[in-house]
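**Student:** Let me give you the structure first, and then I'll get to my questions.
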Amino acid sequence: MKLHWQILIALVAAAIVGSVVPESGWWIDAFDLIGSFFLNALKMLIVPLIMSSIIVGVMGLPGGRALGRLGGKTLAYYLATSLIAILIGLFVVNLLSPGTIDGAPAGDRLGLDAGTGQVMERIEGRGAGDVIGIILRLVPPNIVEAAAAGQMLGLIVFSILFGFLATRVPGRPGEVLKDFWDGVYQVMLHMTDLIMRIAPIGVFGLVAEVVAQTGFDAVGPLLVFFVTVLIALAAHLLIVMPLMLVLVARVNPVKHYVAMSPALLTAFSTSSSSATLPVTLDCVESRAGVSNRTSSFVLPLGATVNMDGTALYECVAAMFIAQAYGLDLTLGTQFVIVLTALLTSIGVAGIPSASLVAIGVILTTIGLPLEGVGLILAVDRVLDMCRTAVNVFSDSTGAVVIARSEGEQTLLVDARS
Ligand code: ASP
């Protein structure tokens, strides 16, 4: 049976089992063990995979100009799609206005969630200055420490520089470098394949735990917000992305969804685009036919800086909280929200619940108390699964779009076929 079917069956089984078992007991520990084992195994690949894939990708480029062109295109695509996603979110949240009930701010009626303490600790002291922090994170003083702390941006910059300068090493040392990193990369891809064999079991553990503990009861008072986010995410995933695929990449979107299904399901189950990166790379190369040169550069960068679903969610959540507090949402304020959502979506890590920190930053920027984040906690976990899938899909679309613009003809999913 194909892997995506296995994962899908595991997802459905997890939803059923998770909703029938009580929310605490030994089974939660068992789900946690299975899920964490799978997640750890994927995370274990990230640092060597990012380094080797970027170095191999950059070394394969014909020179500095090609690197500049590829980098420019990639960033342009990432910024453009994130902005489109945010604007979709802004439109839908203004239309449905989930933060108001009968025209009045819904803050009091929604009440603040009890579990704010932990999140508050994480976002306390964050502010607009954090956006500037992104620039500093590009050059971490200690690359090993940055890698250990999961700050991938620094690792990416280092790897790009390394790959670029490695091409200037003449003779045998240069060849050895190329072969070595190429070998590391291939081993990482094989290791991904191996780990994905246990994906159905891992996914079962991850999702059963979420369903058993979160359940669907929490959605109740936040239903309109929940639906607003889902509609906006769906519009981006099912309208904007296919349009990109058809019009720009001339690729059949349905075939692309199918090709990317293992990555989408992994993203959905793990809520982490970084942990999904090995699977995304594998799917884009072996199932969507994008060359290693393009995907190994575009995707690691995308997993870190391109988060359409996250950007959209940040905008909708901040607008929702502002509506619930009765803040006057002038055009100026909305502009600030859009801009901060765009910048912070670049800076947040591809890990579960990373958006919460970014939303905290937006709230302080527009003058709202950080506690506002408490309003959305109850539904954040499930929405995280959905936005992460959108993040990963946009990365994969970017890889195909850029591959086509580089003249690649090997795409398996040509719209005309
Ligand atoms: N979980 C998301 C990701 O990894 C980030 C977020 O929006 O919290 O892509």
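**Student:** If you scan segment 336-366, which residues turn out to be farther than 16 Å from THR81 by Cα, aliphatic (A, V, I, L, M) and away from the ligand (no atom under 12 Å from the Cβ)?
**Tutor:** VAL336, ILE337, VAL361, ILE362, LEU363, ILE366
**Student:** Being free of Cβ contacts under 8 Å to residues at least 24 places away in the same chain, surrounded by fewer than 17 Cβ atoms within 10 Å (Cβ to Cβ) and farther than 30 Å from GLY64 by Cα is the requirement here; does LEU165 meet it? Write out each step before concluding.
**Tutor:** Numbers: free of Cβ contacts under 8 Å to residues at least 24 places away in the same chain: yes; surrounded by fewer than 17 Cβ atoms within 10 Å (Cβ to Cβ): yes; farther than 30 Å from GLY64 by Cα: no.
For LEU165, the condition - free of Cβ contacts under 8 Å to residues at least 24 places away in the same chain, surrounded by fewer than 17 Cβ atoms within 10 Å (Cβ to Cβ) and farther than 30 Å from GLY64 by Cα - is not met.
**Student:** Can you list residue pairs whose Cβ atoms sit under 9 Å apart, with the first residue in segment 82-94 being surrounded by 17 or more Cβ atoms within 10 Å (Cβ to Cβ) and the second being not in a helix (DSSP H, G or I)? Count only pairs 6 or more apart in sequence or on different chains.
**Tutor:** Close Cβ pairs satisfying both conditions: SER82/ASN306; SER82/MET307; ALA85/MET307; VAL93/GLY99.
**Student:** Continuing with this model, one more query. Looking for something closer than 24 Å to LEU377 by Cβ, aromatic (Phe, Trp, Tyr), within 16 Å of the ligand (Cβ to nearest atom) and in contact (Cβ under 8 Å) with a residue 60 or more places away in the chain - is there at least one such residue anywhere in segment 321-333?
**Tutor:** Step one: filter segment 321-333 for residues closer than 24 Å to LEU377 by Cβ, giving 321-327, 329, 333.
If we keep only those that are aromatic (Phe, Trp, Tyr) too, we end up with 325.
Checking which are within 16 Å of the ligand (Cβ to nearest atom) leaves us with none.
No: zero hits.
Residue by residue, here is whether (1) farther than 21 Å from ALA66 by Cα; (2) of a type in the set (Asp, Glu); (3) out of contact with any Cys (no Cβ under 6 Å at 6 or more places or on another chain); (4) within 10 Å of the ligand (Cβ to nearest atom) holds:
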position: ASN252; (1), (2), (3), (4): yes, no, yes, no
position: TYR257; (1), (2), (3), (4): yes, no, yes, no
position: MET260; (1), (2), (3), (4): yes, no, no, no
position: THR266; (1), (2), (3), (4): yes, no, yes, no
position: SER269; (1), (2), (3), (4): yes, no, yes, no
position: SER272; (1), (2), (3), (4): yes, no, yes, yes
position: THR276; (1), (2), (3), (4): yes, no, yes, yes
position: ARG287; (1), (2), (3), (4): yes, no, yes, no
position: ASP308; (1), (2), (3), (4): yes, yes, yes, yes
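**Student:** Moving on. Quick check on LEU206: is it of a type outside the set (Gly, Ala, Ser), in a helix (DSSP H, G or I), surrounded by 21 or more Cβ atoms within 10 Å (Cβ to Cβ) and out of contact with any Asp or Glu (no Cβ under 6 Å at 6 or more places or on another chain)? Show your work before the answer.
**Tutor:** Numbers: of a type outside the set (Gly, Ala, Ser): yes; in a helix (DSSP H, G or I): yes; surrounded by 21 or more Cβ atoms within 10 Å (Cβ to Cβ): yes; out of contact with any Asp or Glu (no Cβ under 6 Å at 6 or more places or on another chain): yes.
Yes, satisfied.
**Student:** Which members of segment 289-306 meet the condition of being more than 13 Å from the ligand (Cβ to nearest atom), polar (S, T, N, Q) and part of a helix (DSSP H, G or I)?
**Tutor:** ASN292, THR294, SER295, SER296
**Student:** Report the residue count in segment 375-407 for those that are surrounded by fewer than 21 Cβ atoms within 10 Å (Cβ to Cβ) and not hydrophobic (A, V, I, L, M, F, W, C).
**Tutor:** Number satisfying all stated conditions: 5.
**Student:** May I ask you to list pairs of residues, at least six apart or on different chains, whose Cβ atoms are under 7 Å apart, with the first in segment 305-316 being among the aromatic types (Phe, Trp, Tyr) and the second being near the ligand (Cβ under 10 Å from one of its atoms) and assigned to a helix (DSSP H, G or I)?
**Tutor:** From segment 305-316, the pairs are TYR313/SER355; TYR313/LEU383; TYR313/ARG387.
**Student:** Determine whether segment 334-343 contains at least one residue that is hydroxyl-bearing (Ser, Thr, Tyr), under 21 Å from LYS73 (Cβ atoms), assigned to a helix (DSSP H, G or I) and at pLDDT 90 or above. First the steps, then the outcome.
**Tutor:** From segment 334-343, those hydroxyl-bearing (Ser, Thr, Tyr) are 340; that's our starting set.
When the remaining residues are screened for being under 21 Å from LYS73 (Cβ atoms), the result is none.
For segment 334-343, residues hydroxyl-bearing (Ser, Thr, Tyr), under 21 Å from LYS73 (Cβ atoms), assigned to a helix (DSSP H, G or I) and at pLDDT 90 or above: absent.
**Student:** Now for a separate question. Report yes if ILE9 is in a helix (DSSP H, G or I) and surrounded by 15 or more Cβ atoms within 10 Å (Cβ to Cβ), otherwise no.
**Tutor:** Values: in a helix (DSSP H, G or I): yes; surrounded by 15 or more Cβ atoms within 10 Å (Cβ to Cβ): no.
Taking the combined requirement at face value, the residue does not satisfy it.
**Student:** Does ILE351 qualify as being within 30 Å of ILE160 (Cα to Cα), hydrophobic (A, V, I, L, M, F, W, C), modelled with pLDDT under 90 and outside any helix (DSSP H, G or I)? Spell out how you get there, then give the answer.
**Tutor:** Values: within 30 Å of ILE160 (Cα to Cα): yes; hydrophobic (A, V, I, L, M, F, W, C): yes; modelled with pLDDT under 90: yes; outside any helix (DSSP H, G or I): yes.
Spelling it out, ILE351 is indeed within 30 Å of ILE160 (Cα to Cα), hydrophobic (A, V, I, L, M, F, W, C), modelled with pLDDT under 90 and outside any helix (DSSP H, G or I).
The values are calculated or read from the model by the stated rules, or taken from the named source; none is laboratory data. Computed from a predicted model, the values in this text were never measured in an experiment. Note that each Cβ is placed from the backbone with ideal geometry, even for glycine, and that neighbours are counted across all protein chains shown.
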